[in-house]
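Student: Below you will find the structure I want to go over with you.
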Ligand code: BTN
């Protein structure tokens, strides 16, 4: 019987039989970054569904040029190569599929209710449980590939992290016991595969993703490359953009940024 916390094919396939996602898998004890590896393979024409998985990353990358830090054995760290039939402007749908699948998998395996913080952080009790870095390749207006890289704090001792702006969360800290990572990953792949097959059939994950968002109806400050926009998070649109009503009364549409929740629900 495979140890369900050790990330092996056998342990993952014990709980999930792949049709597409994870049918091809590279598993590393240590790598610089699973996203870097998956992007390299994507550019060489690797098939969709490829999963690059690592127990430890020496140069894990986060959004907006940040680092992603996770001690060996503490987390799920992986990148999934997708080639959805979408325009580049619709690429956020690939990320939506993965964040929704992770929230569903966490609920299935642990009973915990995680949420999504726009655009694609995973939150648990207000702390950051996970993050997603999606990197795209395009041919004109058409999406050639999306590499969706996810980092999830599963059995992470929160005291082992360097000080960070957003308070971290981990499943083991919330539950008071360890969670078998291979079981959680298998559940994620099963949920993601079902959602992704629907996406390829023309379905949009937008409505389901929207229901899992923690951000709507709250006062937020959103840092973009150019400015910080403060106001009320009114809604998101089908392409995943956040709509903010500023204090001056303008409605601003933001495609990429970093949200601070001000903790007031309006
Ligand atoms: C963020 O919240 O800033 C996104 C973090 C994404 C981290 C994951 S870990 C697996 C994959 N490989 C990387 O180098 N980054 C992503």
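The values are calculated or read from the model by the stated rules, or taken from the named source; none is laboratory data. Just so it is clear, the structure is predicted and the values come from calculations on it, not from any experiment. Cβ atoms come from the backbone with ideal geometry, glycine included; neighbour counts cover every protein chain shown.
Student: Between a residue in segment 42-58 that is touching a residue at least 24 places away in the same chain (Cβ under 8 Å) and any residue that is in a loop (DSSP other than H, G, I, E, B) and within 10 Å of the ligand (Cβ to nearest atom), which pairs come within a Cβ distance under 6 Å, given they are 6 or more apart or on different chains?
Tutor: Note: pairs meeting the criteria are 57/33; 58/32.
Student: Still on this structure, I have one more. Collect the residues in segment 105-134 that are at pLDDT 95 or above and surrounded by fewer than 18 Cβ atoms within 10 Å (Cβ to Cβ), keeping them in residue-number order.
Tutor: Result: 107, 108, 111, 112, 113.
Student: Next question. Can you tell which of 130, 151 is outside any helix (DSSP H, G or I) and under 23 Å from residue 236 (Cα atoms)? Don't jump to the end; show me each part of the working.
Tutor: Numbers: 151 fails: under 23 Å from residue 236 (Cα atoms).
Of the residues listed, the single one that is outside any helix (DSSP H, G or I) and under 23 Å from residue 236 (Cα atoms) is 130.
Student: Further question: Name, by its number, the condition in (1) out of contact with any strand residue (DSSP E or B) (no Cβ under 7 Å at 6 or more places or on another chain); (2) in contact (Cβ under 8 Å) with a residue 40 or more places away in the chain; (3) assigned by TED's automatic domain parsing to the domain that holds residue 85 that does not hold for residue 173.
Tutor: Condition not satisfied by residue 173: (2).
Student: Another question, then. Residues in segment 245-253: is at least one more than 30 Å from residue 8 (Cβ to Cβ), buried (at least 19 other Cβ atoms within 10 Å of the Cβ) and not assigned by TED's automatic domain parsing to the domain that holds residue 51?
Tutor: If we filter segment 245-253 for residues that are more than 30 Å from residue 8 (Cβ to Cβ), which is where we start, we get 245-253.
If we keep only those that are buried (at least 19 other Cβ atoms within 10 Å of the Cβ) too, we end up with none.
No, there is no match, as no residue in segment 245-253 is more than 30 Å from residue 8 (Cβ to Cβ), buried (at least 19 other Cβ atoms within 10 Å of the Cβ) and not assigned by TED's automatic domain parsing to the domain that holds residue 51.
Student: Could you look through segment 66-99, keep only residues that are near the ligand (Cβ under 10 Å from one of its atoms) and outside any loop (DSSP other than H, G, I, E, B), and pick out the one that is surrounded by the fewest Cβ atoms within 10 Å (Cβ to Cβ)?
Tutor: Step one: filter segment 66-99 for residues near the ligand (Cβ under 10 Å from one of its atoms), giving 66-70, 75-80.
Subset that is outside any loop (DSSP other than H, G, I, E, B): 67, 75-80.
Values: 67: 11, 75: 26, 76: 25, 77: 27, 78: 25, 79: 28, 80: 28.
Within segment 66-99, the match that is surrounded by the fewest Cβ atoms within 10 Å (Cβ to Cβ) is 67.
Student: Being surrounded by fewer than 18 Cβ atoms within 10 Å (Cβ to Cβ) and in a loop (DSSP other than H, G, I, E, B) is the filter; apply it to segment 53-65 and report the residue that is nearest to the ligand (Cβ to nearest atom).
Tutor: Only one residue tops the list, namely 62.
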